[in-house]
Amino acid sequence: MKYLEEFQNPELARGLLEDIRATVTRPWALMEVCGGQTHTIIRHGIDQLLPDEVELIHGPGCPVCVTPLEVIDKALEIAGRPEVIFCSFGDMLRVPGTDRDLFRVRGEGGDVRVVYSPLDALRIARENPHREVVFFGIGFETTAPPNAMTVYQARKHGIENFSMLVSHVRVPPAIDAIMNSPDCRVQGFLAAGHVCSVMGTVEYPELAARHRVPIVVTGFEPLDILEGIRRTVRQLERGEHTVENAYERAVRPEGNPAARAMLEDVFEVTDRAWRGIGVIPQSGWRLAERYRDYDAEHRFDVGGITTLESELCRSGEVLQGLIKPHECEAFGTTCTPRNPLGATMVSTEGACAAYYLYRRLGTPVTPEAIPVG
Amino acid sequence: MCLAVPGRVLEIEERDGTRMAVMDFGGVVKDVCLEYLPDLEVGEYAIVHVGFALQRLDEESARRTLDLFAELGLLTEEFGDPWEAAAASGAGEEAAR
Ligand code: SF4
């Protein structure tokens, strides 16, 4: 427990780790779903502090990483048009499409703007009535309600030069797909806390029962993660498989009802391709029929795109927890954050980037790698 | 982007029929939409994601999280200049060619 001093509350962390150690009697594999959690785990070397019996498998919970190449290419195509102001969250700028990224499109003269909130894109549309403003709407259940509200407001205020390129993904169908895979080794889930702060926990009991897998809603600070692991291991050792909330300060069972109602109004559930993984049934949202006018894919003709994925990149296997990033041959050699082959190396929430930043080439975590005071 | 940051409400106002707040995130001040937490009041804390308050948070947890984020540099990541960040990450790429 060498690096425990680095934790915000080392005493609490020590207690949790000792409890996990005392509870565990055999090997268990847990998946943390959220990329933010992966980041915390690697940054603090939590996986190395755990007893050998507990293995953490990194999940697909990085929205930037799982946005399909085809959608990125559509974004690049739309962003390059002279009449368009293309608005995006900052972390999409360097995600590689087939042959370039948004950063490059701007360099070539495209009007690409970074916004902090989707409402900023709507404001830009108001201020530029003679341009077409397109917002890149990606993300999980945490990001979808803000984007839904923005489309709702566009219609309410009659802003016609605004549209959204929508590629939202939903967590529960991904958990289901992971459990259904014949290669699946996951025995327990740390569910993504912020997704649940919107959606609540109602979607999980059925999944936990059907797959006989514990699901513990977990925050993403180091102590939150240790607590989530402790509860999951306790359930596994007892042969239980229920849904527990270990992130009560931010997650109510019903989530945020106003946000959920808006999601239901603006979006409809659809099958969605995940980059590197393939199509997962019912795992995404698109704009509902009555909001189709605001769908950038309908407004702009972006058919006939051919995509070309790197042959070396194994991010699909990384995202499903089948391999660890450093098991990919390109890791740290032909693929680095400065020259990424796959989105999992681009986004700070991506597993490959987390390994690269905090554990270069699989060497053990060093104290300097943990900037926590 | 997936990071949700706790913030404290400084002011609340109605703007174009939308309930908006000015909120403080450890020194960075941003506009935040309150439509999903309409009864949030001045002085209270909430988890904010891409400019929307999504869930109330007690003051102590909010402060703890903010301190941690500041130490980890995550606030700069969330509120810093994304073009600079993207250019910096690309600088090596150009050099490598
Ligand atoms: S290291 Fe790079 S090439 Fe390998 S899986 Fe990760 S992103 Fe893909």
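Which of the residues spanning the range B:14-23 are within 12 Å of chain A (Cβ to nearest Cβ) and open to solvent by less than 10 Å² (accessible area, probe 1.4 Å)? Step through it out loud before you land on a result.
Residues of the range B:14-23 within 12 Å of chain A (Cβ to nearest Cβ): B:15-20, B:23.
Hits for the range B:14-23 are B:Thr18, B:Met23.
Scan the range A:297-341 for residues that are at positive phi and open to solvent by less than 60 Å² (accessible area, probe 1.4 Å) and the total you get is 2.
Taking the residues in the range A:26-57 that are within 17 Å of A:Phe189 (Cβ to Cβ) and small (Gly, Ala, Ser) as candidates, determine which candidate is surrounded by the most Cβ atoms within 10 Å (Cβ to Cβ). Before you say what the answer is, go through the steps one by one.
At the first step, the residues of the range A:26-57 found to be within 17 Å of A:Phe189 (Cβ to Cβ) are A:27-38, A:40-41, A:46-47, A:50, A:54-57.
Subsequent filtering for residues that are small (Gly, Ala, Ser) retains A:29, A:35-36.
Numbers: A:Ala29: 16, A:Gly35: 32, A:Gly36: 23.
Checked the range A:26-57; the qualifying residue surrounded by the most Cβ atoms within 10 Å (Cβ to Cβ) is A:Gly35.
Restricting A:Pro118, A:Pro82 to those that are at the interface with chain B (Cβ under 9 Å from one of its Cβ atoms) and at pLDDT 95 or above reduces the list to A:Pro118.
Quick grid of which residues meet (1) within 25 Å of A:Glu77 (Cα to Cα); (2) within 14 Å of another protein chain (Cβ to nearest Cβ); (3) touching a residue at least 12 places away in the same chain (Cβ under 8 Å):
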{"site": "A:Ile215", "(1), (2), (3)": "no, no, yes"}
{"site": "A:Gly228", "(1), (2), (3)": "no, no, yes"}
{"site": "A:Glu237", "(1), (2), (3)": "no, no, yes"}
{"site": "A:Val243", "(1), (2), (3)": "no, no, yes"}
{"site": "A:Tyr247", "(1), (2), (3)": "no, yes, yes"}
{"site": "A:Pro253", "(1), (2), (3)": "no, yes, yes"}
{"site": "A:Ile277", "(1), (2), (3)": "yes, no, yes"}
{"site": "A:Asp295", "(1), (2), (3)": "yes, no, yes"}
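Would you point out the residue of the range B:41-69, among those that are in contact with a Ser or Thr (Cβ under 9 Å, 6 or more places away or on another chain) and not hydroxyl-bearing (Ser, Thr, Tyr), that is farthest from A:Ala121 (Cα to Cα)? Here the residue is B:Leu57.
Quick check, is A:Arg272 more than 16 Å from the ligand (Cβ to nearest atom), more than 27 Å from A:Arg81 (Cα to Cα) and more than 14 Å from chain B (Cβ to nearest Cβ)? Give the steps one after another, and end with the answer.
Values: more than 16 Å from the ligand (Cβ to nearest atom): yes; more than 27 Å from A:Arg81 (Cα to Cα): no; more than 14 Å from chain B (Cβ to nearest Cβ): yes.
No: the conditions fail for A:Arg272.
Restricting the search to strands (runs of 3 or more DSSP E) fully inside the range B:24-84 and requiring at least 2 residues that are open to solvent by 60 Å² or more (accessible area, probe 1.4 Å) gives B:28-33. If you scan the range A:256-292, which residues turn out to be among the hydrophobic types (A, V, I, L, M, F, W, C), at pLDDT below 95 and open to solvent by 30 Å² or more (accessible area, probe 1.4 Å)? Answer for the range A:256-292, where residues must be among the hydrophobic types (A, V, I, L, M, F, W, C), at pLDDT below 95 and open to solvent by 30 Å² or more (accessible area, probe 1.4 Å): A:Ala273, A:Ile277, A:Val279. Of all residues in the range A:143-154, one or more are among the hydroxyl-bearing types (Ser, Thr, Tyr) and within 30 Å of A:Leu30 (Cα to Cα). In the range A:342-360, of all residues being near the ligand (Cβ under 8 Å from one of its atoms) and outside any helix (DSSP H, G or I), the one that is surrounded by the most Cβ atoms within 10 Å (Cβ to Cβ) corresponds to A:Gly350. The set of residues in the range A:304-328 that are near the ligand (Cβ under 9 Å from one of its atoms), part of a loop (DSSP other than H, G, I, E, B) and closer than 15 Å to A:Pro68 by Cα comprises A:Ser310, A:Cys313, A:Arg314.
Just one of the numbered conditions (1) surrounded by 19 or more Cβ atoms within 10 Å (Cβ to Cβ); (2) farther than 26 Å from A:Val171 by Cβ; (3) out of contact with any Phe, Trp or Tyr (no Cβ under 7 Å at 6 or more places or on another chain); (4) of a type outside the set (S, T, N, Q) is not true of A:Val133: (3).
Sub-6 Å Cβ pairs linking a first residue in the range A:146-162 that is at positive phi to a second residue that is surrounded by 24 or more Cβ atoms within 10 Å (Cβ to Cβ) and in a helix (DSSP H, G or I), at least 6 apart or interchain, number zero.
The selection criterion, being under 16 Å from the mean Cα position of the chain (by Cα), within 13 Å of chain B (Cβ to nearest Cβ) and part of a helix (DSSP H, G or I), holds for A:Val64.
Every condition in (1) in a helix (DSSP H, G or I); (2) at pLDDT 95 or above; (3) of a type outside the set (D, E, K, R); (4) touching a strand residue (DSSP E or B) at 6+ places or on another chain (Cβ under 8 Å) is met by A:Ile41 except one, and the failing one is (2).
Scanning the range B:25-56 for residues that are at pLDDT 95 or above and away from chain A (no Cβ under 11 Å) yields B:Leu40, B:Glu41, B:Val42, B:Gly43, B:Glu44. In the range A:316-336, the residues that are more than 17 Å from A:Val186 (Cβ to Cβ) reach residues that are open to solvent by 40 Å² or more (accessible area, probe 1.4 Å) and within 6 Å of the ligand (Cβ to nearest atom) with C-beta atoms within less than 7 angstrom, at least six apart or across chains, in these pairs: A:Cys328/A:Arg314; A:Glu329/A:Leu312; A:Ala330/A:Leu312; A:Ala330/A:Leu341; A:Thr334/A:Leu312; A:Thr334/A:Leu341; A:Cys335/A:Leu341. Does the range A:329-340 contain at least one residue that is near the ligand (Cβ under 7 Å from one of its atoms) and at pLDDT below 90? Within the range A:329-340, one or more residues are near the ligand (Cβ under 7 Å from one of its atoms) and at pLDDT below 90.
The values are calculated or read from the model by the stated rules, or taken from the named source; none is laboratory data. These figures come from a predicted structure and were not determined experimentally. For neighbour counting, all protein chains shown are included, and Cβ atoms are generated from backbone atoms with ideal geometry for every residue, glycine included. We work out accessible area using only protein heavy atoms, side chains counted, and drop any ligands, DNA or RNA first. Shrake-Rupley method; radii C 1.70, N 1.55, O 1.52, S 1.80 Å.
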